[in-house]
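The values are calculated or read from the model by the stated rules, or taken from the named source; none is laboratory data. Model, not experiment: these values are computed from the prediction. Because the Cβ atoms are built from the backbone with ideal geometry, glycine has one as well, and the counts that use them run over all protein chains shown. Just the protein is used for accessible areas: all its heavy atoms, side chains included, with ligands, DNA and RNA removed. Shrake-Rupley method; radii C 1.70, N 1.55, O 1.52, S 1.80 Å.
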Amino acid sequence: MRILNSRSTRALTAAIAVGLIATGCASERKEGDKGGAKDTFVFGAPGDPASLDPALASDGETFRVTRQAFEALLEHEPGGSKLVGGLAEKWSSNPEGTVWTFNLRKGVKFHDGEAFDAKAVCANYDYWFNWKGTYQSSAVSYYWQTIMGGFKANADKETPKANYKSCTVKDDATAVIEVFEPSANLPGGFSLNALAIHSPKALQEYGKQQISEAGDAITYPKYSQEAGTVAGTGPYKITKWNKGNKEVSLERFDDYWGEKAKVKNLVFRTIDTEEGRRQALQAGDIDGYDLVAPADIKTLEGEGFQVPTRDVFNLLYLGMTQGANPALKKPEVRQAIAHAVDRENIVKTQLPEGGKVATQFMPDTVAGHSDKVKQYPFDTAKAKSLLAGAGASGLSVDFCYPTEVTRPYMPAPQDIFELIKADLEKAGIKVNPKPKKWNPDYVDAVESGDCALHIFGWTGDFNDGYNFIGTWFAGPGKQWGFDDKKVFDAVKAGSLQGDPTKRTDLYKAANETIMEYLPGVPLTSSPPAIAFGKNVVPPKVSPLTQENFAEVSFK
């Protein structure tokens, strides 16, 4: 998922974080435990959600919450990355991949009592397609634009060019979505929580409220910031967002079409430090938390806590912005930086067991990963030689890294930065540290091309290679600052191929082309750990970080 815009908040000290949890959750626990059985599960999240409307979001912390309340046409199998039916029991496409037919579940209700049917599906897709003004900002409608291109209002323009053609109601239980061109983003895009289905009645209320933008600041519509209006079909409904307590509360939806949630109340509470989350779990103030520090895993397991590790489905990379430092335009300089970094040391010292060195811009769990890419093994002497040959001995670079954040692919940003900095300095590169708060400072600086070097990453939305390499290299972007037709054409070729086998081969070729050009350095892939209390029956953990908390119960 796009974690570039995660709404991480100001870091709290561990003591304050634990104190807030103990104060904020104790009353709920007391009320919920009457009768001797727990009916509230409290989860410690690393950051705040950005919105209660997933269509307006692109960050993992929002989707962690909204996924419990909203469902898409397709989903992923519990604990895996295989597509399975969601609100659509079955789906199919024409041979070209441009006409998608969804056979919908019957007897499904929205949280506001409205019935789910094909009209509701089309109401949602047409609603997004008709967005205007600030809704068309990539910061607001990132996923719609990623999957469907553009909007009705831009139909006569090249950018952003819409791929969405229409949604047709064949009958109450059958919806047909047409696109102009086949895309590697489909059918995977139909599983995104950002394209989950809302009640048409709720959509009418959404449309009465406006979104605005002033400079880099976006003011989101009221309904997306307060519980009460949003209505999905999921096993939980959102009942409250207490921003002061940094807490979102959900309640079991008793009219849910599938298996009912096992615990009545679900609470997401933000604790934005690793130590704070660990201490809150140990104190019994929360029942689980995500992004466990690798050093804490054995400690927690030794104390009897459950710490399952997800499969690898992410990537951390060292980005190079050629527009921010002319020296990076030279291939020899980029190659020197790649040889200078000891990626194996990052895996050994910073990642949980199961972490891997990355050789290309997708993990080896994704179809299209190639074993023929050009390699850049750790070699300080070779790095120095390449710099000298390029006339770049004594190179000085600004290196941005994020603060006040923990990501699945990057458990300790500053520690990882310090390791890379030391490696680069051994090769004779002067590093100018540029620490920046994750959001908005760091995110904005990277996306606008202000950081010559930076560390960033990605957790996949669905299992298709384009979801990784297409995210970065489908065309020119300020973050990378280069324009190489050979790279862009190689990436696009796979995205337009409808045959899965041929598409995979094209992705392999694209990875080989990308690593020959070397726009940045793929560093590592990490299996992020998630922790649960001793008395918790946890959900199946997901490599996509798409846990379904309706599966949770207490022993």
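Computed values, structure above
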quantity: Any hit, the stretch 470-478, residues being in contact with a Leu (Cβ under 9 Å, 6 or more places away or on another chain) and either over 21 Å from Ala327 (Cβ atoms) or open to solvent by less than 20 Å² (accessible area, probe 1.4 Å) (or both); calculated: no
quantity: Among (1) on the phi > 0 side of the Ramachandran plot; (2) open to solvent by less than 40 Å² (accessible area, probe 1.4 Å) - the single one Gly228 does not satisfy; calculated: (2)
quantity: Residues that are assigned to a loop (DSSP other than H, G, I, E, B) and polar (S, T, N, Q), drawn from the stretch 387-418; calculated: Ser393, Thr406
quantity: Some residue of the stretch 535-549 being open to solvent by 50 Å² or more (accessible area, probe 1.4 Å), more than 21 Å from the chain's Cα centre (by Cα) and of a type in the set (Val, Ile, Thr); calculated: yes
quantity: Single residue of Val487, Val491 found to be free of Cβ contacts under 8 Å to residues at least 60 places away in the same chain, more than 22 Å from Tyr143 (Cα to Cα) and β-branched (Val, Ile, Thr); calculated: Val487
quantity: Residue among Ala261, Ala231, Ala202 that alone is part of a loop (DSSP other than H, G, I, E, B) and within 21 Å of Val140 (Cβ to Cβ); calculated: Ala231
quantity: 2 or more residues in contact (Cβ under 8 Å) with a residue 12 or more places away in the chain and among the hydroxyl-bearing types (Ser, Thr, Tyr): qualifying strands (runs of 3 or more DSSP E) within the stretch 71-182; calculated: 164-171
quantity: Qualifying residue in the stretch 242-252 (condition: farther than 30 Å from Asp464 by Cα, open to solvent by less than 20 Å² (accessible area, probe 1.4 Å) and of a type in the set (Val, Ile, Thr)); calculated: yes
quantity: Flag if Asn154 is closer than 30 Å to Phe468 by Cβ and surrounded by fewer than 19 Cβ atoms within 10 Å (Cβ to Cβ); calculated: yes
quantity: Condition check for Glu303: charged (D, E, K, R), surrounded by fewer than 16 Cβ atoms within 10 Å (Cβ to Cβ) and in contact with a helix residue (DSSP H, G or I) (Cβ under 8 Å, 6 or more places away or on another chain); calculated: yes
quantity: Residue within the stretch 359-378 that is in a helix (DSSP H, G or I) and either out of contact with any Phe, Trp or Tyr (no Cβ under 9 Å at 6 or more places or on another chain) or over 30 Å from Glu61 (Cβ atoms) (or both) present; calculated: no
quantity: Positions within the stretch 501-526 being open to solvent by less than 10 Å² (accessible area, probe 1.4 Å) and either modelled with pLDDT under 95 or among the small types (Gly, Ala, Ser) (or both), in sequence order; calculated: Ala510, Gly520, Ser525, Ser526
quantity: Of all residues in the stretch 419-431 being touching a strand residue (DSSP E or B) at 6+ places or on another chain (Cβ under 8 Å) and not in a loop (DSSP other than H, G, I, E, B), the one that is most open to solvent (accessible area, probe 1.4 Å); calculated: Lys430
quantity: Identity of the residue in the stretch 95-116, open to solvent by less than 60 Å² (accessible area, probe 1.4 Å) and within 23 Å of Lys152 (Cβ to Cβ), that ends up modelled with the lowest pLDDT; calculated: Gly97
quantity: Qualifying residue in the stretch 283-292 (condition: part of a loop (DSSP other than H, G, I, E, B) and under 30 Å from Phe468 (Cα atoms)); calculated: yes
quantity: Filter result for Lys492 (of a type in the set (Lys, Arg), under 24 Å from the mean Cα position of the chain (by Cα) and over 24 Å from Lys356 (Cα atoms)); calculated: yes
quantity: Subset of the stretch 264-273 that is part of a loop (DSSP other than H, G, I, E, B) and farther than 25 Å from Leu87 by Cα - its residue that is most open to solvent (accessible area, probe 1.4 Å); calculated: Thr273
quantity: Pair list, Cβ < 9 Å and 6+ apart or interchain, from the stretch 356-381 residues that are of a type in the set (Phe, Trp, Tyr) to residues that are surrounded by fewer than 16 Cβ atoms within 10 Å (Cβ to Cβ); calculated: Phe378/Glu344; Phe378/Asn345
quantity: Filter pass, Asn467 being farther than 24 Å from Ser525 by Cα and either touching a residue at least 24 places away in the same chain (Cβ under 8 Å) or touching a strand residue (DSSP E or B) at 6+ places or on another chain (Cβ under 6 Å) (or both); calculated: no
quantity: Sole residue being modelled with pLDDT of 95 or more and in contact with a Pro (Cβ under 6 Å, 6 or more places away or on another chain), chosen from Tyr401, Tyr376; calculated: Tyr401
quantity: Within the stretch 311-353, considering residues that are assigned to a loop (DSSP other than H, G, I, E, B) and among the polar types (S, T, N, Q), the one least open to solvent (accessible area, probe 1.4 Å); calculated: Thr321
quantity: Complete set of residues in the stretch 414-454 that are closer than 24 Å to Tyr289 by Cα and over 17 Å from the mean Cα position of the chain (by Cα); calculated: Gln414, Asp415, Ile416, Lys437
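Yes/no matrix, rows are residues, columns are (1) within 24 Å of Thr380 (Cβ to Cβ); (2) among the basic types (Lys, Arg); (3) out of contact with any strand residue (DSSP E or B) (no Cβ under 7 Å at 6 or more places or on another chain):
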| site | (1), (2), (3) |
| --- | --- |
| Asp415 | yes, no, yes |
| Pro433 | yes, no, no |
| Asn439 | no, no, no |
| Val443 | no, no, yes |
| Thr471 | no, no, no |
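So that you can scan it fast, the table gives a plain yes or no per residue for (1) farther than 15 Å from Leu52 by Cα; (2) touching a residue at least 24 places away in the same chain (Cβ under 8 Å):
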| position | (1), (2) |
| --- | --- |
| Asn193 | no, yes |
| Glu213 | yes, yes |
| Lys222 | no, no |
| Ala231 | no, yes |
| Gly234 | no, yes |
